[in-house]
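Some notes on the structure that comes next.
The values are calculated or read from the model by the stated rules, or taken from the named source; none is laboratory data. Being a predicted model, the structure only gives us computed values, none of them experimental. Glycine gets a Cβ as well: all are built from the backbone with ideal geometry, and neighbour counts include every protein chain shown.
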Amino acid sequence: MQTELLQLVSTLGSALLAAPEAGHAAHGTAQGSAHAAAAVPGMGAMGQWALLVPFMPLLGCVLVGLCAIGKVRSKLPAWITIGCLAVSFAAAVAMLMQTMHGNAGQGQTSIVKAWDWINLSFSSKGDMTGTAAALTQSLTANFSFYIDTLTCLWMLFVTGLAAVIALYASEYMSHDVGPGYIRFFAAFNLFVFSMACLVMGDNLVLLFLGWEGVGLCSYLLIGYFYKKAPAVAAAKKAFIVNRIGDLGLSIGIMLIFVVFGTVEYSKLFAIIQSGVLPTGETLRDHWVVWVAPLLLTVGAFGKSAQIFFYVWLPDAMEGPTPVSALIHAATMVTAGVFLIGRMYPLFTADPHLVALTVVAWSGVITAFWAATIEMAIFDIKRVMGYSTISQLGFMFAGLGLLTPTGAAFHTFTHAFFKATLFLGVGAVMHGFGGQLDLRRLSGVMWMKGFGLVGIAMLVGSINLAGVPFTAGYFSKDLILAQGFATPQGMIAGSQWIAWILLLTAGMTAYYTFRTYMRVYVGPKEFVPGNDAELVELGRHPKGTSLDTWHAQHGHGDHGHGDHGHGDHGHGGHGPADHGHGTDHRHAARYDFDPTTEEFDPHPPGAAMKGAILIAMVLSILAAGLYFYKPIHAAEHGGWVAGLVNTSAVAVSNPVVESARGGLLFGQDPHKLMYYVSAGVGFAGILIAAFLHGPKGLGGLFIGNRTRAATSRADVLVGLFGPLTKAARNKYYVDEIYHWLIVRPLNVLGHVFFLFDKLVVDGLVNLAGFAPRALGHAAKGQQSGVLHDYAVRMAVGVAAIVLIAMLLGSGGLS
Amino acid sequence: MSDLMSTLAQANFPSPMAPATLAHYLAVSGIMFGLGLIGFITRRNLIIMFLCTELMFQAAGIALIAFSRYHMNHTGETFVIFVLTIAAAEAALALALVVLLFRRKESLDAGRWSEMRG
Amino acid sequence: MGGLASPILLYAACVIGALGIALALPRRGVSPQIIGALVAALGLGVLFVAMGVRSPGALPNVNFYIFSIVALGAAVRVISHPRPVYSALYFILTIIASSGLYVLLAAEFMAFALIIVYAGAILITYLFVLMLATESPTADQVEALNDYDRYAREPVLASITGFVLIAAMTAMMFGGVNSRSLPIVTTYAGAQRLELLPKKIESSLREARLIDKDESIARDPATGQYLIDLFPKPGTDAATHVPSVMIGYGDGRTRAIGPSTPGWPKDLVLSNVEGVGFTLLADHPGAIEIAGVVLLMAMLGATVLARKKVELDEREKLAAQTRSLAGEFEPEKSLLRAPEVAGGPTTRDAPTRSLGEAARGFLGAGGQR
């Protein structure tokens, strides 16, 4: 481990020396070529083997499904999953190589078709007056994959992380081997396939398919512990909130089809580049150019947990930790970022950049909002969840501030370090029986078997905080700097955005190290969570699965959660509260001595450790990408910038290129930001150390925490009073939503129910009643007496004869 | 109403002093049929009701024979043979049924059978 | 044919006739049946007179009117007589009058067939059942008229309906089929079937002395067909046809005689019986078979039905019990009635008294004739 550290330091050191010059030099030389690239890279060829990337996970899903039929009881589904995902990852790497080097090293775009899916052609009649020609429109949405460098970038970390996390989950979920295990991995595979469809699809319809698919798998996986009411509620909440966003997305897609006549990217980008719509109008003046991006943004908001739409993500922590790591840290939530990135040409086609302004402001508000909540929460898993929301806000701000490179890079690095953080938190949960309250854990790093976890958490935390020369530092800087670089007027209030983002970066550093210094360093202390019995047994009691165990014990995957100071069951989780207020089996113990007491924390096994190690290493290596510029030298952002600028996003290069020139304190923002953000980050870390750090190196020598439960920050709680309480309770957003939206809808539902019962059913019953009433009226005629019938018959015959005679032609000739 | 009267006024009625025409026989047949119908509706005795149906058969027979004579072939007469056959069969079965009905209710009153009241 | 002053008169006559019939039907209280009959007759008479005024020309067809008036009068009596047996007997009168009409229409076979089958078989059956089902009069009840026989149901409505029907029918009839005389018999269709009756021709010619004792109708030596050619075959020219019958001695010599030969019997035509017979058997053989089957079915059906055991209805059972318990004097009951309840079965299998006794019981009592 020592050698690893040394190597790390040496790499970082060299990078530090090289960074300013590299960045600066790149800035100068790349300007010319950067301006030249304003079009989609040329088409290239890609073999059908590229289909392995999306379809291997699908194959994995099918194979795991077969395991279900075969009633497999071993870890076979996990190995199948890991194998398929590894193959998919390898194919993604090869795809990247081919794409980067195709087209004489300029990067290529290729389209690989799997099969025909939707291929409709219809013609509308022309004008009634005959002036407009009859339009023949076609809706082509094939199962084809659009492979450019952006796609490859995304698929790289999606498949890679998926493989790593599958490895992690193989041990994490081992309690549940059997049908639950199979279910987990089947949904896991399906998720990766849907994500691949989303990212690699060559038309908006396939993207939408993947969009819905990931939503579905997210629902399946969050609600994995389906016997637990909170988990089920959280799954429903996630799906429903996503759905609201999906409405915007689907309307946006339909609008794009109606106006542009196509949903395929290649054709779409060609139209956008030409600036002229099929009907002949110029794109700039048409209203679609700001309406469609806004609608797509709404969809992105839902999936990427932006302001107003984020409420599902904290609750999604009810799912197993691998799910949180994969879906809610790295892949699904970045789908919104990807969407905006993919459709960036459309977003920048608007001369007023309306949608991008909205994106930027929502990003910054989300980031700030989530950060404030996080400073007060005690549940470390939820801290990670809100941290994801906050970082997503950064990414969106980056997109809005016209640095797609920054957003993509931040997505890339965030995926790795957030996954590391989640895996680490998962290890803690796994080992301490579900305990996640940071007031009940301390010094975990020093406990037997948790060393690697501690180091991984440290690596992840420094990335998240933006400590210089980490990957997170570089990626965040791109965004922060761009906030100042964008000229005033392009994005309304971009300076404000930039300052608030800077502040948020500081807050991020603070809460990250608050968590780290409370939980991982300091005096060794722990209180086992409510699932401790589970851990003590090593495995669950023979014959029961984790589901039933949880159901019996009515508890879930996150322990106590954030209850604040004794307010149990009070909206701590919003509507998903499981209200086990007085259900504490283990009293808090502040003097637990691990050497004499019975409960042994369960350190992570080989698979989990291996996964954590890989994720950690990758998040370290991601920093190097900033300096790696194999293709198409770009100004900043290194390798990722190169990728982004050779993808379809390049269509919007004219606009992106024009977003520079703003100054920060009279200096070039990019260069200055290295130091400014470093300073802000260190400030945050120091404050955290002061307030929460333990004595000694762990607290950077300025802390004095001796117990797990308390620290200097408790004084501040009194100082800020109600604000802290509100923050701890997530500003009561869930409750507000409940009263504002859920209740009225409930009432509306009841109204409609009554309407249905009385009016609709009433009408139907009336239809049934009418014949009966008629029959009743006619019943009187059946007197049962022969003569009556005879008379009626005769009268009838006479009448008919009479009528025939009168109506017939004269009747008498 | 007036055009009804005019169409009816165009009817040509046969003179009674002329040799009997087809129309005469049809008139007799029609009147007998009507009488049979009235009897069927009016009488309550089951057997008399059937007798009135037989009266209607009679009327039909007269009409058939008259038409047979009018068309100058024997088809109508053949038909009347079959009418007789069927009338006989029907009389046998109808009377058997009437006997059964009588056994149940001890009366031939058709009004007694009203259990199928709506 | 003369026309009428206005056809309103027909309808007026119908209305009067309806009124009369309505009155004639049996009803409660004082029964103005005689009055009803008279009014109906009046209606008919008015019609008669009004029609007769117009053209006092040719000879009246008296027979037709006699037969038709008898038939209609008897029909009226059938439907209006309160005693069911008398209704049946009047029906027999109707049948006889109808057969008279048939004779007028040159359908003599049907006339007699009608009397034999209808009056002789069907009506007798009706009479049997009537007698078996009717109560015989008791000591204190001179007239054993059932309630349901005495009163007609809805006479007015029935009369109106019936006469509307008659008016409509007759109006339609007269509209379409007027002033067609009934032509002479010799042009009957199927008259050429006479050729299929060589024996009849031969005997008739022999009677007319046109054939000698040792002569007979010649036959074709090859086919054995009789050489009778009295009617033109279809397809040949009717104008040039000379009807002839070849008479031969049996040894090849033949001579022809035909209707132009003096002494040809005038009644050598297909009689009604033969014509009906040919039509029945040659043209509708299938119908005969079916008619046979129908009769068989009727016979079997009647047999099966008559053997069926039928339980007394609730009300009647109660009445019988009451009667037996009260010990009242048991009148002679209809043979079709169930015996006393005490110990006996409540179903009736077969009559145990002789029919003669029964018949004597019914017709003996007084009452309207």
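Only one of the numbered conditions (1) buried (at least 24 other Cβ atoms within 10 Å of the Cβ); (2) at pLDDT below 90 is violated by C:Phe91, and that is (2). Just one residue in the set C:Gly275, C:Gly263 is more than 13 Å from C:Ile201 (Cβ to Cβ) and part of a loop (DSSP other than H, G, I, E, B); that residue is C:Gly263.
Annotation note: of C:Lys309, C:Lys317, the sole residue that is farther than 28 Å from C:Tyr126 by Cβ, at pLDDT below 80, of a type outside the set (Gly, Ala, Ser) and surrounded by 11 or more Cβ atoms within 10 Å (Cβ to Cβ) is C:Lys317. Take the conditions (1) without any contact (Cβ under 8 Å) to a residue 40 or more places away in the chain; (2) within 7 Å of chain C (Cβ to nearest Cβ); (3) part of a helix (DSSP H, G or I); (4) more than 21 Å from C:Thr303 (Cα to Cα); B:Tyr70 misses just one of them, which is (1).
Of all residues in segment A:409-444, those satisfying the criterion of being within 17 Å of the chain's Cα centre (by Cα) and not aliphatic (A, V, I, L, M) are A:Phe409, A:His410, A:Thr411, A:Phe412, A:Thr413, A:His414, A:Phe416, A:Phe417, A:Lys418, A:Thr420, A:Phe422. Exactly one residue among B:Gly39, B:Gly34, B:Gly61 is within 14 Å of chain A (Cβ to nearest Cβ), assigned to a helix (DSSP H, G or I) and out of contact with any Leu (no Cβ under 6 Å at 6 or more places or on another chain), and that residue is B:Gly39.
Whether any residue in segment C:226-244 is touching a residue at least 40 places away in the same chain (Cβ under 8 Å), in contact with a strand residue (DSSP E or B) (Cβ under 6 Å, 6 or more places away or on another chain) and surrounded by 15 or more Cβ atoms within 10 Å (Cβ to Cβ) is what I want to check. Among the residues of segment C:226-244, not one is touching a residue at least 40 places away in the same chain (Cβ under 8 Å), in contact with a strand residue (DSSP E or B) (Cβ under 6 Å, 6 or more places away or on another chain) and surrounded by 15 or more Cβ atoms within 10 Å (Cβ to Cβ), which makes the answer no.
Against the criterion of being assigned to a helix (DSSP H, G or I), free of Cβ contacts under 8 Å to residues at least 24 places away in the same chain and over 33 Å from the mean Cα position of the chain (by Cα), A:Leu719 qualifies. Scanning segment A:332-373 for residues that are in contact with a Lys or Arg (Cβ under 6 Å, 6 or more places away or on another chain) and among the small types (Gly, Ala, Ser) returns A:Ala335, A:Gly336. Note on segment A:691-716: residues that are assigned to a helix (DSSP H, G or I) and crowded, with 17+ Cβ neighbours inside 10 Å total 5. Are any of the residues in segment A:387-398 touching a residue at least 40 places away in the same chain (Cβ under 8 Å), buried (at least 24 other Cβ atoms within 10 Å of the Cβ) and not in a helix (DSSP H, G or I)? No - not one qualifying residue is present in segment A:387-398.
Just wondering, is there one or more residues in segment A:456-474 that are more than 25 Å from A:Thr706 (Cβ to Cβ), touching a residue at least 24 places away in the same chain (Cβ under 8 Å) and either of a type in the set (Ser, Thr, Tyr) or touching a Pro at 6+ places or on another chain (Cβ under 7 Å) (or both)? Yes: one or more hits. Among the criteria (1) in contact (Cβ under 8 Å) with a residue 60 or more places away in the chain; (2) out of contact with any His (no Cβ under 6 Å at 6 or more places or on another chain), the one A:Pro230 does not fulfil is (2).
Among the residues of segment B:98-118, those that are within 13 Å of chain A (Cβ to nearest Cβ), in a helix (DSSP H, G or I) and of a type in the set (A, V, I, L, M) comprise B:Val98, B:Leu101, B:Ala110. Considering the conditions (1) within 17 Å of A:Ile389 (Cβ to Cβ); (2) surrounded by fewer than 24 Cβ atoms within 10 Å (Cβ to Cβ), A:Gly302 is excluded by exactly one of them, (2).
Only one of C:Ile290, C:Ile211, C:Ile247 is free of Cβ contacts under 8 Å to residues at least 60 places away in the same chain and in a strand (DSSP E or B); which? Going through C:Ile290, C:Ile211, C:Ile247 in turn, the sole match is C:Ile247. Any residue that is buried (at least 20 other Cβ atoms within 10 Å of the Cβ), at pLDDT 75 or above and assigned to a loop (DSSP other than H, G, I, E, B) - is there at least one of those in segment C:22-40? Among the residues of segment C:22-40, not one is buried (at least 20 other Cβ atoms within 10 Å of the Cβ), at pLDDT 75 or above and assigned to a loop (DSSP other than H, G, I, E, B), which makes the answer no. Answer with yes or no whether A:Gly762 is over 30 Å from B:Trp113 (Cα atoms), of a type outside the set (A, V, I, L, M, F, W, C) and at pLDDT below 80. No. For segment A:318-375, a residue qualifies if it is of a type in the set (A, V, I, L, M, F, W, C), touching a Gly at 6+ places or on another chain (Cβ under 6 Å) and within 22 Å of A:Tyr516 (Cα to Cα), and exactly one does: A:Ala367.
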